[in-house]
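**Q** There's a structure below that I have some questions on.
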Amino acid sequence: GDVYKRQVIQMTTVAGATLVTEVSFTIPDDYHLQLTGTGSDPAELFIDPVNGISLGRVKYKGISMDGRDKSNDQEFADELKVTMPVITSEQLKSGVYILKGYLRFHACTELQCLSPDTYEFNVHLSVM
């Protein structure tokens, strides 16, 4: 079942712009998130491809397991904040776009980690 909750993401922008938004994932007591990305990023947050819309470099911030405020750590307690730059091309037509997003992670207790999971979310992007 879900061990976290998120904010609803609604954004308004214009074609040819970069809009930065922050997605917050609240982590319940007795759990922490262990992010499962590869390479230089500790997590994998991505959106399904949409012509004319892309993501810039995603950044991760939260309270690490040792209680310190950290960026791009691998394990987070309490809350994970993901900064997500959304880039629109100059050719993008005005309208509402529904972007399907994903965050790949492990939810863990002190005793065990659950199977890897992917959390799906939607971004409603209005282009003026």
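**Q** Please tell me if SER71 is over 13 Å from the mean Cα position of the chain (by Cα), open to solvent by 30 Å² or more (accessible area, probe 1.4 Å) and at pLDDT 90 or above.
**A** Details: over 13 Å from the mean Cα position of the chain (by Cα): yes; open to solvent by 30 Å² or more (accessible area, probe 1.4 Å): yes; at pLDDT 90 or above: no.
Here the answer is no, as SER71 does not meet what is asked.
**Q** List pairs: first residue in segment 75-96 and free of Cβ contacts under 8 Å to residues at least 24 places away in the same chain, second residue open to solvent by 20 Å² or more (accessible area, probe 1.4 Å) anywhere in the structure, Cβ distance under 9 angstrom, at least six positions apart or on different chains.
**A** Final answer for the pair search is none.
**Q** For THR26, state whether it is under 15 Å from the mean Cα position of the chain (by Cα) and modelled with pLDDT under 80. Walk me through it before giving the result.
**A** Values: under 15 Å from the mean Cα position of the chain (by Cα): yes; modelled with pLDDT under 80: yes.
Yes; evaluated as a whole, the condition is true for this residue.
**Q** A further question follows. Restricting segment 44-56 to residues that are outside any strand (DSSP E or B) and in contact with a Ser or Thr (Cβ under 9 Å, 6 or more places away or on another chain), which is most open to solvent (accessible area, probe 1.4 Å)?
**A** The initial filter retains those residues of segment 44-56 that are outside any strand (DSSP E or B), namely 48-49, 51-52, 56.
Imposing the further condition that a residue be in contact with a Ser or Thr (Cβ under 9 Å, 6 or more places away or on another chain) reduces the set to 51-52, 56.
Numbers: ASN51: 144, GLY52: 29, GLY56: 23 Å².
Among them, the one singled out is ASN51.
**Q** Would you point out the residue of segment 29-43, among those that are modelled with pLDDT of 75 or more and open to solvent by 30 Å² or more (accessible area, probe 1.4 Å), that is farthest from VAL86 (Cα to Cα)? It would help to see each step written out before you state the result.
**A** Of the residues in segment 29-43, the ones modelled with pLDDT of 75 or more are 29-33.
Pick out the ones that are also open to solvent by 30 Å² or more (accessible area, probe 1.4 Å) and you get 29-31.
Details: ASP29: 31, ASP30: 33, TYR31: 30 Å.
Among those that are modelled with pLDDT of 75 or more and open to solvent by 30 Å² or more (accessible area, probe 1.4 Å), it is ASP30.
**Q** Could you figure out which of (1) assigned to a strand (DSSP E or B); (2) out of contact with any Ser or Thr (no Cβ under 9 Å at 6 or more places or on another chain); (3) modelled with pLDDT of 80 or more; (4) not polar (S, T, N, Q) isn't true of LYS61?
**A** (2)
**Q** Cβ-Cβ under 7 Å, sequence separation 6+ or interchain: first residue in segment 99-128 and open to solvent by 30 Å² or more (accessible area, probe 1.4 Å), partner among the polar types (S, T, N, Q) and at pLDDT 85 or above. Which pairs?
**A** Sorted first by the residue in segment 99-128, then by its partner, the pairs are LYS100/ASN122; HIS124/GLN10; SER126/THR12; MET128/THR12; MET128/SER94.
The values are calculated or read from the model by the stated rules, or taken from the named source; none is laboratory data. Note that the structure is predicted; figures quoted are calculated from it, not measured. Because the Cβ atoms are built from the backbone with ideal geometry, glycine has one as well, and the counts that use them run over all protein chains shown. All accessible areas refer to the heavy atoms of the entire protein, side chains included, with ligands and DNA or RNA removed. Shrake-Rupley method; radii C 1.70, N 1.55, O 1.52, S 1.80 Å.
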